[in-house]
Amino acid sequence: MTSLGDLPLRDDLRGREPYGAPQLDVPYALNTNENPYPPSDRLVKALGEAVMDVAGTLNRYPDRDAVALRADLAAFLNADTPGAGLDGRRVWAANGSNEIIQQILQAFGGTGRTALGFEPSYSMHPIITGVSGTRWLNAFRDDDFGIDPVRAVAAIEGHQPDIVFLTSPNNPTGTALPPAVIEAVLDAAPGMVVVDEAYAEFRREGTPSALTLLDGRPRLIVTRTMSKAFAMAGTRLGYLAADPAVIDALLLVRLPYHLSAVTQAVARTALAHGAELLGGVEALRRDRDAIVAWLRAEGFRVADSDANFVLFGTFPDRHAVWEALLARGVLIREVGPPEWLRVSVGTPGEMDAFRTALTEALKEGL
């Protein structure tokens, strides 16, 4: 059998492992931060009709620039963050926020350039950075998983990165960044600043979005996704808001007709039914806060979360705890600092199963 070692693979890819959370058939999958509430029958019907509408034109290429979809996304962001003042010229869409990140790195990174982030954070940032030929620099987060603006500025001034990644709310910790931290980074960064807001809709009341900082800052990019709060993970639709010049730069690197007609139709239908899809967000926030309170009452360390997941610990052997929960049908995630675990917020029944499994596992002395 031929192996990777037998192929003329790029040297910088040798020894790497593919990204991916375990995909296991379990009763309670709480490891990938999905919205646990599926679309209603009414929405399923609307989605089917939208696909039917474009099915007869699939012999033709889709709208190359997804103009109508981008206008709809801009309208959603304006409603989400009053005063954002966005239109379709300042929004871009792609196949999940990971393709958005890849396009940003293709346009502003590359050989001889560097990207800086603050880990623990979203693990795809350094992975896509490396695959794009860009050098990754880790400036690390503080012990409470926040980012001290003075230390962040010092790291930026010392390294002069071409791209800075900030994640708010942060994955895997759930930590949201105050606007002052983002502004300090923007003032110090010589290149692009990307604020990854994949979980923004779950942020607690009073936690602002980086969208409020876009005006007058052409090097700021704010990325979002429809995979989480919108419960559209299977659609694969990510997007960003930025200065129109940023979209012009991304047009240089995007693949032709990168966003299918079906994806565009499904995403636009989901946005039209946004009130329904986002209707479960408040319940997920409440359930998140409840699981944080329960874990702390049980004596765990728990990171403050503005997302739909909770990072908790610490464990001398987190893998043993992970396996004990899996044996009870509950799949969570081994991610982040070595002694911590992350659980996604599921339905009330799923969270009851998690609490029961964790309680039983700890009785085994893990």
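For segment 250-277, a residue qualifies if it is surrounded by fewer than 17 Cβ atoms within 10 Å (Cβ to Cβ) and part of a helix (DSSP H, G or I), and the qualifying residues are Leu251, Val262, Ala272, Ala275, Glu276.
Scoring Asn33 on the criteria (1) modelled with pLDDT of 95 or more; (2) part of a loop (DSSP other than H, G, I, E, B); (3) at negative phi; (4) surrounded by 17 or more Cβ atoms within 10 Å (Cβ to Cβ) leaves a single failure, condition (3).
Answer yes or no: is there a residue in segment 57-71 that is acidic (Asp, Glu) and not in a loop (DSSP other than H, G, I, E, B). Don't jump to the end; show me each part of the working.
If we filter segment 57-71 for residues that are acidic (Asp, Glu), which is where we start, we get 63, 65.
Keeping just the survivors that are not in a loop (DSSP other than H, G, I, E, B) gives none.
Looking for residues that are acidic (Asp, Glu) and not in a loop (DSSP other than H, G, I, E, B), one finds none in segment 57-71, hence no.
So that you can scan it fast, the table gives a plain yes or no per residue for (1) on the phi > 0 side of the Ramachandran plot; (2) surrounded by fewer than 21 Cβ atoms within 10 Å (Cβ to Cβ); (3) more than 16 Å from the chain's Cα centre (by Cα); (4) modelled with pLDDT under 95:
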residue	(1), (2), (3), (4)
Ala93	no, no, no, no
Ser97	no, no, no, no
Ile100	no, no, no, no
Ile104	no, no, no, no
Phe108	no, no, yes, no
Ala115	no, no, yes, no
Ser121	no, no, no, no
Met124	no, yes, no, no
Ile128	no, no, no, no
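From the list Arg70, Arg135, the lone residue that is more than 15 Å from Thr225 (Cα to Cα) and among the charged types (D, E, K, R) is Arg135. Could you look through segment 209-230, keep only residues that are assigned to a loop (DSSP other than H, G, I, E, B), more than 11 Å from the chain's Cα centre (by Cα) and among the hydrophobic types (A, V, I, L, M, F, W, C), and pick out the one that is nearest to Phe108 (Cα to Cα)? Per the stated criteria, the residue is Leu214.
What helices (runs of 4 or more DSSP H) lie completely within segment 91-203 and have 2 or more residues being charged (D, E, K, R)?
Working: elements: 96-108, 124-131, 149-159, 179-188.
Per the criteria, 149-159, 179-188.
The values are calculated or read from the model by the stated rules, or taken from the named source; none is laboratory data. These numbers were taken from a predicted model, which means no experiment stands behind them. Quick reminder, even Gly has a Cβ in these numbers, built from the backbone with ideal geometry, and neighbours come from all protein chains shown.
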